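The values are calculated or read from the model by the stated rules, or taken from the named source; none is laboratory data. Remember, it's a predicted structure, so these values are computed and weren't measured experimentally. Cβ placement follows ideal geometry from the backbone for every residue including glycine, while neighbour counts extend to all protein chains displayed. To get the accessible areas, we keep the full protein, side chains included, count just its heavy atoms, and leave off ligands, DNA and RNA. Shrake-Rupley method; radii C 1.70, N 1.55, O 1.52, S 1.80 Å.
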Amino acid sequence: MSLVTFECKDHVATITLNRPEARNAINGALRDDLNAAWNRFRDDEDAWVGILTANGEVFCAGGDLKDGQGSVGTFAGTFWEKPTINSFESGMELFKPTIAAVHGPCIGYGLTGVLFCDFVIASTEATFSFPEVSIGVPTIVGAIRLPQRVRWADAMELLLTGKPISAERAKEIGLVWKLVEPADLQAEAQAWARTLTEAAPLAQRATKEVAWRTQNMGWIESVRFGETMRKVAAATEDVAEGLLAWRERRKPKWRGR
């Protein structure tokens with residue numbers, strides 16, 4: 001049985017953590033399957049939008065402390081020796097739109113992965129925490145990313161106490177984008193993914209890459225990079241189709257090329 005499942009339908013890829021008997025804690029085997037799933041999503045030209053979700057009552061219990069390979073995947077070393085460097089949540093360059101559909105506790109590595117998604121849709125029963133400091137371990141990637149998503153004090157609330165916050169609190173601080181009833185979570189995520197597939201996929205990726213890279217650029221460099229990306233996108237078939245569809249007053253038929 002795969003510890004992470006991958007299903008792609010109508011340009012929406014759903015990546016599901018599938019170790020419910022262990023609360024979806026990330027051990028070495030799950031880490032390898034998860035990395036493979038994100039690589040597949042990145043490379044699959046038919047997959048335009050990705051959803052990260054999980055089976056069972058817990059979204060993710062964080063790293064499996066009984067198996068340090070969960071933090072490093074296929075790289076040698078232990079939990080204490082080498083950080084995660086080969087995964088989506090540690091900074092893989094992926095500019096396709098991504099959605100996290102979160103239910104139940106979302107802990108540690110699970111929350112780090114959620115932070116890398118563009119949209120976080122959560123069940124009212126979800127909770128969020130970085131408990132590492134409560135066992136004497138610093139949070140690293142989460143500490144890098146969380147202050148980029150929420151206000152400083154709200155980030156420190158999670159990072160420095162190790163205590164969980166509710167879905168309502170997560171929505172209040174901007175960690176969660178949309179809050180829904182548990183029974184509606186998957187349908188809401190799929191519906192939003194389908195909305196995203198209505199836009200030109202290559203234009204979306206170029207736009208997201210510009211937004212991502214220019215955060216640490218000066219204004220002139222940002223505009224120059226953006227205009228370069230515009231020229232690259234202008235050479236695609238989708239641009240020609242979009243303009244033709246506009247002239248013919250019909251919906252465009254995107255091909256992702």
For the chain, take the longest principal axis of its alpha carbons; what is the angle in degrees between that and the long axis of helix 28-43, to the nearest 10 within 0 to 90? 10
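On average, how much accessible surface per residue is there in the chain, in Å², for a 1.4 Å probe, leaving out ligands, DNA and RNA?
On the way: 13150 Å² over 257 residues.
Per residue, the chain has 51 Å² of solvent-accessible surface.
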If one takes the longest principal axis of the Cα atoms in the chain, at what angle in degrees, from 0 to 90 and to the nearest 10, does the Cα axis of helix 219-234 lie? 60
Report, in whole Å, the centroid distance computed from the Cα atoms of region 236-257 and region 153-198. 34
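At a 1.4 Å probe radius, carbon and sulfur cover how many percent of the accessible area of region 4-198? All intermediate terms of the calculation are to be shown ahead of the outcome.
Numbers: 4490 of 8430 Å².
Within region 4-198, the accessible surface is 53 percent carbon and sulfur.
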Integer Hz, Karplus 6.51/-1.76/1.60 couplings in order for region 106-112, x for Gly and Pro: 10, 10, x, 4, x, 5, 4
Classify region 3-72: rounded, prolate or oblate, from the alpha-carbon gyration tensor (a ≥ b ≥ c, eigenvalue square roots; a/c under 1.5 rounded; otherwise prolate if a/b is larger than b/c)? oblate
Determine the relative contact order of region 4-198: mean sequence separation of Cα pairs under 8 Å and six or more apart, normalised by residue count, in whole percent. 19
In whole Hz and in residue order, list the ³J(HN,Hα) couplings for region 174-181 that follow from phi through the Karplus curve 6.51 cos²θ - 1.76 cosθ + 1.60, θ = phi - 60°; x for Gly and Pro. x, 6, 9, 7, 9, 10, 9, 5
Modelled label-to-label distance, V223 and N55, 7 Å Cα→beta-carbon offset: nm? 5.3
So, in Å, what gap is there between the alpha-carbon centers of region 123-146 and region 86-120? 13
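Under the rule a/c < 1.5 gives rounded, and otherwise a/b versus b/c splits prolate from oblate, where does region 103-257 land using the Cα gyration tensor?
Details: a/c = 3.36, a/b = 1.65, b/c = 2.04.
Oblate is the answer for region 103-257, as a/c is 1.5 or above yet b/c matches or exceeds a/b.
From Cα pairs below 8 angstrom and at least 6 apart in sequence, can you work out the relative contact order of region 154-257, rounded to a whole percent? Could you put the intermediate results ahead of the total?
Values: 50 pairs, mean separation 20.3, N = 104.
Value for region 154-257: 20 percent.
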Spatially proximal lysines relative to K96 (Cα-Cα < 16 Å; intrachain offsets below 8 disregarded): K9, K208
Using a Förster radius of 25 Å, what is the FRET efficiency between R149 and E125 based on their Cβ-Cβ separation? Nearest 0.05, please. 0.70
Measure nothing fancy, just the Cα-based angle from helix 152-161's long axis to the longest principal axis of the chain, in degrees from 0 to 90, nearest 10. 30
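Can you tell me how region 201-248 classifies by the Cα gyration tensor, rounded, prolate or oblate, using a/c under 1.5 as the rounded cut? The partial results should precede the final answer.
On the way: a/c = 3.25, a/b = 2.49, b/c = 1.30.
Because a/c hits 1.5 or more and a/b exceeds b/c, region 201-248 counts as prolate.
Return the equivalent ellipsoid semi-axes of region 4-198 as a descending list in whole Å, where each equals the square root of 5 times an eigenvalue of the C-alpha gyration tensor. List each step's numbers first, then the result.
Values: eigenvalues 109, 85, 44 Å².
Largest first, region 4-198 gives 23, 21, 15 Å.
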When the solvent-accessible surface of protein heavy atoms is calculated with a 1.4 angstrom probe, in what order do E93, E57 fall, highest first? E57, E93
So for M217, M1, what's the accessible-area order with a 1.4 Å probe, most first? M1, M217
Here, trypsin sites (Lys or Arg not before Pro) of region 117-154 satisfying both criteria (DSSP loop; at most 14 other Cβ within 10 Å) are R151
